[in-house]
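Reviewing the structure listed below.
Computed from the coordinates by the stated procedures, all read-outs in this text should not be read as laboratory data. It should be emphasised that the depicted structure is a prediction, and the values quoted were computed from it without experimental measurement. Cβ placement follows ideal geometry from the backbone for every residue including glycine, while neighbour counts extend to all protein chains displayed.
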2 protein chains.
Amino acid sequence: MEKLEKYIKNAEDRLYEIFPAETLPQGDVIKAAKYSLSAGGKRIRPVLTQVFCEMCGADPVKALDTACAIEYMHTYSLIHDDLPCMDNDDLRRGKPSCHKAYGETTALLAGDALAILPFERIASSAAISPSAAVKCIRTLANLCGTAGMIGGQQIDTAMAGEELSGELLLSMYSMKTSALIKAACLCGVYCAESPEEERYVKYASEYAENLGIAFQIMDDILDVTGSTEELGKRTGNDAENDKHTYVRTYGLEKAEKAAKEYTEKALSALKAFDDSEFTEQLTRMLLGRKK
Amino acid sequence: MEKLEKYIKNAEDRLYEIFPAETLPQGDVIKAAKYSLSAGGKRIRPVLTQVFCEMCGADPVKALDTACAIEYMHTYSLIHDDLPCMDNDDLRRGKPSCHKAYGETTALLAGDALAILPFERIASSAAISPSAAVKCIRTLANLCGTAGMIGGQQIDTAMAGEELSGELLLSMYSMKTSALIKAACLCGVYCAESPEEERYVKYASEYAENLGIAFQIMDDILDVTGSTEELGKRTGNDAENDKHTYVRTYGLEKAEKAAKEYTEKALSALKAFDDSEFTEQLTRMLLGRKK
């Protein structure tokens, strides 16, 4: 998909421009942050930010700083997730995880830096009004905090091994995975500064909520059916860490069915936007992903 | 000082209002964050935010949300600083450090949450304009990132044991300690939204830069001369962790002289403000502190 490549390139071209020089005495923490940022993620979230900005009638370039900010936040969460006191993963996207490459202290600080940098990036963006920046920042911080992504990580790690209801499992997925995807989409809407913002926010939320859950269930499925080579990270990790997964609770078949259902719900929310063809294709592609 | 007590109470009364309910499934991470927030810090930074707002001619209440935000950021830095892969401190302000009380996973996530929450708090503040909020956020994030506080922590921990020039030591102090104090003071200036903002920014920066270094040198001195009971944290830690300190580089006498000199420089920057009497008193008190 040529359009997808363009969105990815837009984000990647501008991902590194806000960092101080690596030659500074504290250069290692800057190198570590860039190392993890450049480790070849799928860039789904910064693509979504641009796509939603465009679907709301604005030039997607308006959302580029914010798209980069979302990718910093995602990368922070991966670095800290891999730490020994969290999932203790040595591999991430086929490369040594950040603490394996740079040591635990530097990885901790690089993660911290990437959790704070999004707000500098959005607040420095010349492309959007202060009012739009404040909306993006409030939304991103709220969805990443204890009511969102961090709350989901807390349940995921601190309650590993405990009995979890199906309801709590879905609520954890919503926090752990949907929340940041929702931030990515909503920030795109806010950057567009459209008069129809309120309506767009409703449908972007609905899309992101369902896509996130579908995405997380796919992740569970791949941890069971994928290979380490294909995924670039160790598989079978969830079972080993006694993690709650949809597959473990409901079995593989039901998990595959649920992933499809949540994706259909996401697709139907897209109908509220005028030109959603590309986003529909992207969504179907994400469901069919092997990694 | 009655006025100081009032500023502290203002901040403490509103410090906890943005947190989700502790009864949520992820409640432990919320409890851990509040535990560290309530561990009895001196609240110097949120006091400075209010004080600078008032010195710039505005009601200090305008800066209250932002003052709370600064205290979240400070608390995040303490929680992560105490972690085993950083300073590995079991005690903080006379109580078990966050990871001793809640475990390493929850402490890591509580710190993460408190590094992100400041931005939600500032962006949600009804007391300031979006334009002032954006200035506060940009400044706070920049001064806490790899060019500021986190950069200083990186040098402090990753270069422990290495030879450090006097120049690099001061540059580390500027990043590790002055940066967040500067953010506290500048955010106060921005919240005031004064027409003389540019001039105030200059002198607030100069004040904070020097106060921060004086403050850090005092900390080094207390680590050598103070007792664990007085400080509420283990002393002698710096030498044990092979940390660079001003005392170690220059000796106790020169350190005490330098602390006084930097404080005098800070005091002289205050002369640019109309009514700086209280801030002068506060600054002298901070130099004389036993903890």
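Brief remarks follow.
- With 20 Å bins beginning at zero, the pair-distance distribution over Cα atoms of the protein assembly as shown amounts to 21, 55, 22, 2 %.
- With helices as the sole contributors, chain A gives -21500 deg cm²/dmol at 222 nm; each DSSP H run of n ≥ 4 counts as -39500 (n - 2.57), and the sum is divided by every residue.
- Calculated label separations, A:A126, copies of the chain, 7 Å along the beta-carbon direction, nm: 3.6
- Computed with the Debye formula from one identical point scatterer per Cα of the stretch A:2-287, without solvent, the log10 of I(q)/I(0) at q = 0.08, 0.09, 0.17 Å⁻¹ comes to -0.32, -0.40, -1.50.
- Dipole magnitude for the stretch A:2-287: computed about the Cα centre from +1 point charges on Lys and Arg Cβ and -1 point charges on Asp and Glu Cβ, it is near 360 debye.
- For the stretch B:35-82 versus the stretch A:7-65, the spacing of their alpha-carbon centroids is 31 Å.
- Kirkwood-based shape ratio for the stretch B:48-195, expressed as Rg/Rh from alpha carbons: 1.02
- For peptide B:136-144, the mean count of partner chain Cβ atoms within 10 Å of a residue's Cβ comes to 6.
- For B:G251, the point set 7 Å out from Cα toward Cβ sits 8.0 nm from its twins in the other copies, listed from shortest up.
- Database remark: amide H of A:R92 closer than 5 angstrom to the amide H of A:S97 (H placed geometrically; neighbours at sequence offset of 5 or more, or on other chains; Pro and chain starts carry no H).
- Counting Cβ atoms of other protein chains within 10 Å of each residue's Cβ and taking the mean over peptide A:98-109 gives 4.
- Peptides A:107-120, A:254-267, ordered by how many other C-beta atoms sit within 10 Å of their residues on average, highest first, read A:107-120, A:254-267.
- Whichever lysines have a C-alpha closer than 20 Å to that of A:K95, once near sequence neighbours (fewer than 8 apart) are set aside: A:K31, A:K34, A:K42, A:K233, A:K290, A:K291
- Unit charges at the beta carbon, dipole of the stretch B:106-177: most positive-side option, B:L170, B:C136, B:T157: B:C136
- Placing a label point 7 Å from Cα along the Cα-to-Cβ axis, B:E167 is separated from the same position in the other copies by 6.4 nm, shortest listed first.
- Solution diffusion estimate, µm²/s, Stokes-Einstein, the stretch A:1-95, Kirkwood Rh from C-alpha pairs, 37 °C, viscosity 0.692 mPa s: 227 µm²/s
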